[in-house]
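Here's the structure, in structure tokens; my notes come after.
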Amino acid sequence: MTPYERMQQIILRLEAFYPNSACALEAKGDPFRLLVMAILSAQCTDARVNLVSVGLFERFPDAKSMAEGEICEIEELIRSCGLYRSKAKNLSLCAKRLCDVYGGEVPSSMEDLLTLPGVGRKVANLIRGDVFGLGGIVADTHCIRITNLLGFCSTDDPKKVEFTLDPLVPKELQSDFCHRLVQYGRDICIARRPMCGECVLKDICNYGGTV
């Protein structure tokens, strides 16, 4: 099979394994919330971000309120997320830019999203896919690790992984594909103890086929 044909098999198998796919960040369909939570998720679990965000959004429900808030207060509300000082600074600056440049709304273009403090390609692709339906490969740790094991990539560079996978996964399927990879990485293809015996991709996986 060609790499494209192998990927289509993987997409179909993951879809059958996880018929329902959703982002683990509980943003309630709010673009601003998803943006904030994605920034908070760096080196932090989604479960912790979901927990911390409840209090954060009670105090700062939109870009305007967060832009007007004190960084020290944001710090206290997100302290348990780790890297809280740099994240609080980025959230404050990001909210200010949203208000000053984009009328308080989250923009859709990659170019505009990358001007927001705290936003890299991974976060931008998440927003473009989940909010605007534009697709985007979210090259997080699960995506990078699993696609390396599957033989599509041989790099830990998120941008290289993104650009490798982008032509192989149809745009309209990219968001769900990446969400399913995250869940699969947590349930089956676990970093320290992959459950290859239960893997639905074993026969077309470079790693699984050797164990």
Sole residue being among the aliphatic types (A, V, I, L, M), assigned by TED's automatic domain parsing to the domain that holds Glu162 and in contact (Cβ under 8 Å) with a residue 12 or more places away in the chain, chosen from Ala16, Ala67
Ala16
Among the candidates Asn206, Asn125, which residue alone is of a type in the set (S, T, N, Q) and in a helix (DSSP H, G or I)?
Asn125
Condition (residue is of a type outside the set (Phe, Trp, Tyr), under 23 Å from Asn20 (Cβ atoms), outside any loop (DSSP other than H, G, I, E, B) and in contact (Cβ under 8 Å) with a residue 60 or more places away in the chain) applied to the range 135-148: is it met by at least one residue?
no
Residue among Ala88, Ala63 that alone is farther than 21 Å from Asp130 by Cβ and at pLDDT 95 or above
Ala88
Does Ser41 count as under 26 Å from Cys153 (Cβ atoms), of a type in the set (Ser, Thr, Tyr) and buried (at least 18 other Cβ atoms within 10 Å of the Cβ)?
yes
Identify all residues within the range 21-41 that are part of a helix (DSSP H, G or I), touching a residue at least 60 places away in the same chain (Cβ under 8 Å) and in contact with a Lys or Arg (Cβ under 7 Å, 6 or more places away or on another chain); write none if there are none.
Ile39
I'd like the residue in the range 82-100 that is touching a helix residue (DSSP H, G or I) at 6+ places or on another chain (Cβ under 8 Å) and aliphatic (A, V, I, L, M) and, out of all such residues, is nearest to Gly120 (Cα to Cα).
Leu91
I'm checking my understanding of the structure. Among residues of the range 3-20 that are of a type in the set (Phe, Trp, Tyr) and assigned to a helix (DSSP H, G or I), which one is surrounded by the fewest Cβ atoms within 10 Å (Cβ to Cβ)?
Tyr4
I'd like to check something: does the range 188-200 contain any residue that is within 18 Å of Ala124 (Cα to Cα) and modelled with pLDDT of 95 or more?
no
Any residue in the range 132-151 that is modelled with pLDDT of 95 or more, on the phi > 0 side of the Ramachandran plot and surrounded by 17 or more Cβ atoms within 10 Å (Cβ to Cβ)?
yes
Which residue pairs have Cβ atoms under 7 Å apart, sit 6 or more places apart or on different chains, and have a first residue in the range 1-13 that is touching a residue at least 40 places away in the same chain (Cβ under 8 Å) and a second that is exposed (fewer than 11 other Cβ atoms within 10 Å of the Cβ)?
none
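The values are calculated or read from the model by the stated rules, or taken from the named source; none is laboratory data. Remember, it's a predicted structure, so these values are computed and weren't measured experimentally. Positions of Cβ are generated from backbone atoms using ideal geometry, with glycine treated the same way; all protein chains shown enter the neighbour counts.
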